[in-house]
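Below: one structure, written as structure tokens.
The values are calculated or read from the model by the stated rules, or taken from the named source; none is laboratory data. Keep in mind that what you see is a predicted model, and the values were worked out from it rather than measured. A quick note on method: Cβ atoms are made from the backbone with ideal geometry, for glycine too, and the neighbour counts reach across all protein chains shown.
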Amino acid sequence: MGMTHTRAPANFYRPGEYCAEDSVGFLMKRVLASIVQQADGRLEAHDLTHAQWAPLFKLRQAKSMAVAELAREMQMDAGAMTRLLDRMEKKGLCKRVRSIEDRRVVNLELTPQGEAAAALVPGVLTEVLNTHLAGFSKTEWQALMHYLRRMVENGEAMRSQD
């Protein structure tokens, strides 16, 4: 359980003056959509969609992961995850392996083809992110990262109080 924050909420947004285009959330969503679109465009040449490259990248980092855990990390329901994994298995990118310790658990592993596809992702993301950060100084980038992490912490503190 994280530390609860005693910081008072900011008073930057007011209901009577609220404009979506000036919303931090709206702008973050636009940036994220642009990053995903650019990465998708580059990975499409390798027959990978965002729905596929994102879990491939997570699996590459984890080496092996339970289907349920990947579904949680990707914020997908079990049915959507099953359909996605069916397509990825058909393409030869990953395989389901029943756990030896607990037969109810199904783990995912990358195939050599999936490993090769996942290896493309860091280079593409590096290029796309660096392009989105054109004109930023290293100090500005570090400040942006710090601000975003603070917002994540504030959101986690709100969830822990619910």
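Things to note:
- Residue 71 meets each of the listed conditions (1) loosely packed, with under 14 Cβ neighbours inside 10 Å; (2) free of Cβ contacts under 8 Å to residues at least 24 places away in the same chain apart from (1).
- Residues of the range 104-145 that are in contact with a Cys (Cβ under 9 Å, 6 or more places away or on another chain) and either of a type in the set (D, E, K, R) or exposed (fewer than 12 other Cβ atoms within 10 Å of the Cβ) (or both): 109 alone.
- Evaluation of residue 68 against (1) more than 25 Å from residue 29 (Cβ to Cβ); (2) more than 19 Å from the chain's Cα centre (by Cα); (3) modelled with pLDDT under 95 (one fails), failing number: (2)
- Residue list for the range 36-58, restricted to those being in a helix (DSSP H, G or I) and closer than 14 Å to residue 84 by Cα: 50, 51, 52, 53, 54, 55, 56
Condition check ((1) in contact with a helix residue (DSSP H, G or I) (Cβ under 7 Å, 6 or more places away or on another chain); (2) within 30 Å of residue 107 (Cβ to Cβ); (3) surrounded by 12 or more Cβ atoms within 10 Å (Cβ to Cβ)) across all residues:
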| residue | (1), (2), (3) |
| --- | --- |
| 32 | no, yes, no |
| 38 | yes, no, yes |
| 50 | yes, yes, yes |
| 80 | no, yes, yes |
| 94 | yes, yes, yes |
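- Cross-chain or 6+ apart pairs with Cβ under 7 Å, the range 1-18 first and in a loop (DSSP other than H, G, I, E, B), then at pLDDT below 90 and surrounded by fewer than 10 Cβ atoms within 10 Å (Cβ to Cβ): 4/161
- From the list 33, 68, 80, the one residue that fits, being assigned to a helix (DSSP H, G or I) and within 19 Å of residue 129 (Cα to Cα), is 33.
- Qualifying position, being among the polar types (S, T, N, Q), over 30 Å from residue 10 (Cα atoms) and modelled with pLDDT under 95, among 130, 107: 107
- Taking (1) part of a helix (DSSP H, G or I); (2) touching a helix residue (DSSP H, G or I) at 6+ places or on another chain (Cβ under 6 Å) in turn, residue 61 satisfies each apart from (2).
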